[in-house]
Amino acid sequence: MKWFFIALGMMAAVSGCSPSAPADKPAGQGFEIVHARFLGPLWNVSHGRASIVSQDGGESFTVPGGAIWAYGDTFKGSRSAEGAPQFAGGAISCAIAFLRDDAKTYPPVFSFLVSSNGDAVSPFEFLPDEKPVERYRIWPLGGIHVNGQCYLFYSLIEVFGNGQWDFRGVGSGLGRSPTALGHYERLRPNGDWRFPVAATQVLEADGWVYLYEIREFKGQQGVALARVRPEKIEDPGAYEFYTGTGHKYSPQTNAAAVLVENVPGQVSVAWNPYLKKYVLASSSDFDHPREIRFHVAEAPDGPWSPPVARVKVPEYLQGKRVELVYCAYLHPERFRENGKVMNLTFSPGLEKAGFDANCEMVEVEMK
């Protein structure tokens, strides 16, 4: 999954509970970051119990009692007492974990979906025509709990060579599970698993499910927006796309217009009660390889501001130089002080690290 998001980028040139909620921030166009607290990598004993050495991704969505965190490429093995990786057992291209809503300490202790032997397993299964499975990967996208079910979007990737760029996207689909930490059935309405949107962020507001994805518009990547009624989420024909003209929508996917310009890789959106605005976090590109940007809007479909604040990631993490930051995801279930302190994770592309890299967490305090 790392190389997928880096390729997308190339296409575009400790916590605790507050005793009381602060006053709402006065209305304004943006916010000022007064402190960014880098908490370190997510890897901890709960990863070790699931035989996980490293992984990327890490987007979350709330479910009853907590949140599901979805990870991309997950490499198996163990770590020595000094933290050195010992890879063994191969890898899976998707892993999920449950984090209880009262888990406020750091590092967070996850409960991973595991097999009978305790090793992490993917929540998705390959279809009969996706054989041999070594040619395919399933990378998770955004998820949502709605209609009493858990839904997780995904991308199917085909590998056609041995090089790090030898892969292509086949399409995106939707998985469903009645149990948050369970196996997600790949839905196939009318016999086809493909859905019209590859949603890296899914949220519910105003009687709609809004779905954000990254597309290319005139040679530059940006955010596209789709929406669907919650009760129609399993119907690919019920989705409609923001056209950019007076907040109008069209059922035609090729009518989609850019919602936010110059956003490479992936996108994360969350409501912030302190700001009384939606916040959009976007990952860096090669012109700004260690930067996370923030935009704001008063409605899911905007209008969205230009970047109003930025966080600079340290040059060295996990003992290696950071070449690029990707998969920057907001985690509103871990926001503190009514959203005055935002929590997000990101995946660092580390120099000469191979697959030895894990998601990092940062808390952003604003005024």
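The values are calculated or read from the model by the stated rules, or taken from the named source; none is laboratory data. Note that this is a predicted model, so its numbers are computed, not measured. With ideal geometry, Cβ positions are generated from the backbone for all residues, glycine too; neighbour counts draw on all protein chains shown. Areas reflect the complete protein model, heavy atoms only, side chains present, ligands, DNA and RNA absent. Shrake-Rupley method; radii C 1.70, N 1.55, O 1.52, S 1.80 Å.
His183: net charge of surrounding residues, Cβ under 11 Å, Lys/Arg +1, Asp/Glu -1, itself excluded? Each step should come with its number before you reach the end.
On the way: positive: Arg176, Arg186; negative: Glu125, Glu185.
Surrounding charge for His183 is 0.
Would you kindly work out the equivalent ellipsoid of region 55-191 from its C-alpha gyration tensor and give its semi-axes, the square roots of five times the eigenvalues, largest first in whole Å? Write down the numbers at each step before the final one.
Numbers: eigenvalues 115, 101, 30 Å².
Each semi-axis is √(5λ); the values are 24, 23, 12 Å.
Calculate what fraction, in whole %, of the accessible area of the chain sits on carbon and sulfur atoms when a 1.4 Å probe is rolled over the protein chains.
On the way: 7640 of 15330 Å².
Carbon-and-sulfur percentage of accessible area, whole number: 50.
Dividing the summed helix terms, -39500 (n - 2.57) for each DSSP H run of n ≥ 4, by the number of residues in the chain produces a 222 nm estimate of -1000 deg cm²/dmol to the nearest 500.
Within region 65-112, all pairs of alpha-carbon atoms sorted by distance into 10 Å bins from zero give the percentages 23, 40, 33, 4.
Each of the peptides 315-326, 273-284, 35-46 was scored by the mean count of other Cβ atoms within 10 Å over its residues; in descending order, highest first, they stand as 273-284, 315-326, 35-46.
Here region 197-285 has an Rg and Dmax of 12.9, 37 Å, counting Cα atoms alone. A simple count of charges around Pro300, restricted to other residues whose Cβ falls under 13 Å of its Cβ and scoring Lys, Arg +1 and Asp, Glu -1, yields -2. Each listed q (0.22, 0.24, 0.27 Å⁻¹) maps to a log10 I(q)/I(0) for region 200-241, found by the Debye formula over equal Cα scatterers with no solvent: -0.70, -0.79, -0.91. Its residue count N sets the reference 2.2 N^0.38 Å, and the alpha-carbon radius of gyration of the chain equals 0.93 times that reference. Rolling a 1.4 Å probe over the protein heavy atoms gives region 88-194 an accessible area of 47 Å² per residue.
Which of Lys218/Lys352; Lys218/Lys277; Lys76/Lys320; Lys218/Lys312; Lys104/Lys232; Lys320/Lys367 have a Cα-Cα distance over 23 Å? Each step should come with its number before you reach the end.
On the way: Lys218/Lys352 34 Å; Lys218/Lys277 29 Å; Lys76/Lys320 21 Å; Lys218/Lys312 28 Å; Lys104/Lys232 35 Å; Lys320/Lys367 32 Å.
From Lys218/Lys352; Lys218/Lys277; Lys76/Lys320; Lys218/Lys312; Lys104/Lys232; Lys320/Lys367, over 23 Å: Lys218/Lys352; Lys218/Lys277; Lys218/Lys312; Lys104/Lys232; Lys320/Lys367.
Which net charge results for the neighbourhood of Ala199, defined as the other residues with beta-carbon distances under 11 angstrom from its beta-carbon, given Lys and Arg at +1 and Asp and Glu at -1? Let's see the in-between values first.
Values: positive: Arg227; negative: Glu59, Glu213.
Local charge sum for Ala199: -1.
Annotation for Arg135 and Phe38: the two label points, set 7 Å from Cα along the Cα-Cβ direction, are 4.2 nm apart. With Cα atoms defining each centre, region 107-176 and region 286-301 are spaced 26 Å apart in the structure. Restricting the calculation to alpha carbons of region 135-252 gives Rg and Dmax of 15.0, 47 angstrom.
Ranking of Glu185, Glu213, Glu231 by solvent-accessible surface, largest first: Glu231, Glu185, Glu213 (1.4 Å probe, protein heavy atoms only, all chains present).
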